[in-house]
Amino acid sequence: MPENAADKFRRERQELAENMLRHSGTNTKRLLNVDCQVYKAGALNSKVKELLGLATSTVLRCDDCIMYHIIRCHEEGVTEAELEEALAIAYTVGGSITIPHIRRAWRVWDELAGDK
């Protein structure tokens, strides 16, 4: 069975992260730790934080970040309705330039949901 977009992303991200860590000093490792810690449950649960990450990544038009947060949203049990609202906010804030990114986000969501 061919590798889907989410699986390919996970594999490549892992390989690139391992390589980056090999070259990283203390400052980079500290920044990466903050990035990891900020998405853990606190006053906001992890599901909400992933939706926030997705919306802001969409506004910034970072395809790698969008892919990561779509996968994490799926893992956190985000519903399709919740995802649609978060992406609608991203579109409202970011404008029509976010549309191609939102299209790709939905394609990956459908793959993850088994709706190819």
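Every read-out reported here was derived from the displayed coordinates using simple, explicitly stated rules and does not represent laboratory data. Small disclaimer: the values here were computed from a predicted structure and weren't measured. Ideal geometry is used to build each Cβ from the backbone, glycine not excepted, and the neighbour counts take in all protein chains shown.
Side notes on the structure shown:
- Rounded tilt (10° steps) of 26-37 against the dominant C-alpha axis of the chain: 30 degrees
- Note on the chain: dipole from Cβ charges, positive end direction compared against Ala86, Ser96, Leu60; the farthest Cα belongs to Leu60.
- Simple point charges give the picture: +1 on the Cβ of Lys and Arg, -1 on the Cβ of Asp and Glu, and for the range 52-113 a dipole about the Cα centre of about 300 debye.
- With each label modelled as a point 7 angstrom along the Cα→C-beta vector, the Ser24-Cys62 pair spans 1.3 nm.
- Rounded tilt (10° steps) of 46-60 against the dominant C-alpha axis of the chain: 80 degrees
- Evaluated with a Cβ-only charge set (Lys, Arg +1; Asp, Glu -1), the chain carries a dipole of roughly 480 debye about its Cα centre, given to the nearest 20.
- Selection of GluC sites (Glu not before Pro), the range 1-31, meeting DSSP coil and at most 11 other Cβ within 10 Å: Glu3
- Span per principal axis, largest first, for the Cα atoms of the chain (Å): 40, 40, 27
- Between the listed residues Ile70, Gly42, His23, the Cα displaced farthest toward the positive end of the dipole of the chain, a dipole computed from Cβ unit charges relative to the Cα centre, is found at His23.
- Cα long-axis angle, helix 63-75 against the chain (0 to 90 degrees, to the nearest 10): 80 degrees
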